[in-house]
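This structure is in structure tokens; I'll ask about it shortly.
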Amino acid sequence: MRWVSLVRNVMLGREGLHRLVLLDVVGAARCSNAQSHLTTGNVSFDCSEEDIDEAVEAMEAGVESVIGRHEMVAVRSLTSIRQLVEVDRFAGLDPTEWQMEVAFVPHDAPAIEVELLGVSPSTRGNRANCGR
């Protein structure tokens, strides 16, 4: 199965976390066909669904051993990333009036109850486009 990992709060080339080092971390987590994307720690790789939890733990430990602090590695299947893009949750919103962002929580986190989120001036209470 093809996965996408998003290593948070890192910039490749800093703190010793270079592209090849990150790819080695993913390989050490027993994942294959790893490819690094951009300079932000985004990597696609192959791993069985049964092994993904262990692989994420190993990647987080590997990144921590390089940069000296724990950072979350969010993973999603490539299929689910494609579905998110197809849904286009921001369709119809004017980017000059709305601040739009996407955030990923750990893959095994419980679903967020959108109605419990606080309201800020930038959201104006509109949570229609929120979702997991």
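Since every read-out is calculated from the coordinates, none of them should be taken as a lab result. Values in this document were obtained by computation on a predicted structure and should not be read as measured data. Using ideal geometry, Cβ is built from the backbone for each residue, glycine included, and neighbour counts are taken over all protein chains shown.
Please list 94-102, 7-15 highest first by mean number of surrounding beta-carbon atoms within 10 Å per residue.
7-15, 94-102
To the nearest 0.05, what FRET efficiency results for Asp53 and His18 with a Förster distance of 30 Å applied to their C-beta separation?
It comes out at approximately 0.70.
Let me understand the stretch 2-84 better: what is its radius of gyration from the alpha carbons, and its Dmax, in angstrom?
Using the Cα atoms of the stretch 2-84, the pair Rg, Dmax is 11.6, 34 Å.
If I take every Cα pair under 8 Å that is 6 or more residues apart in the chain, average their sequence separation and divide by the length, what percent do I get for the relative contact order?
Contact order relative to length: 25 percent.
Once phi is turned into ³J(HN,Hα) by the Karplus curve 6.51 cos²θ - 1.76 cosθ + 1.60 with θ = phi - 60°, what whole-Hz value does each residue of the stretch 47-64 show in order, with x for glycine and proline?
In residue order, the calculated couplings are 6, 5, 4, 5, 9, 5, 4, 5, 5, 4, 4, 5, 5, 4, 5, x, 5, 4 Hz.
Please report how far the C-alpha centroid of the stretch 1-18 lies from that of the stretch 42-100, rounded to the nearest whole angstrom.
About 10 Å separates the Cα centre of the stretch 1-18 from the one of the stretch 42-100.
Name the residue from Pro110, Val21, Cys47 whose Cα lies farthest towards the positive end of the charge dipole of the chain, charges +1 on Cβ of Lys and Arg and -1 on Cβ of Asp and Glu.
Most positive-ward Cα: Val21.
Test of understanding: in a Gaussian network model of the chain with alpha carbons linked when under 10 Å, which of Gly62, Gly27, Gly92 would top the mean-square fluctuation ranking?
Gly92
Could you check which residue among Ala55, Ala28, Ala74 shows the biggest mean-square fluctuation in a GNM of the chain with a 10 Å Cα cutoff?
With Cα springs under 10 Å in the chain, the top fluctuation among Ala55, Ala28, Ala74 is at Ala28.
While we're here: From the helices alone, meaning DSSP H stretches of at least four residues, give me the mean residue ellipticity at 222 nm for the chain, per-run term -39500 (n - 2.57), in deg cm²/dmol to the nearest 500.
It comes out at -8500 deg cm²/dmol, rounded to the nearest 500.
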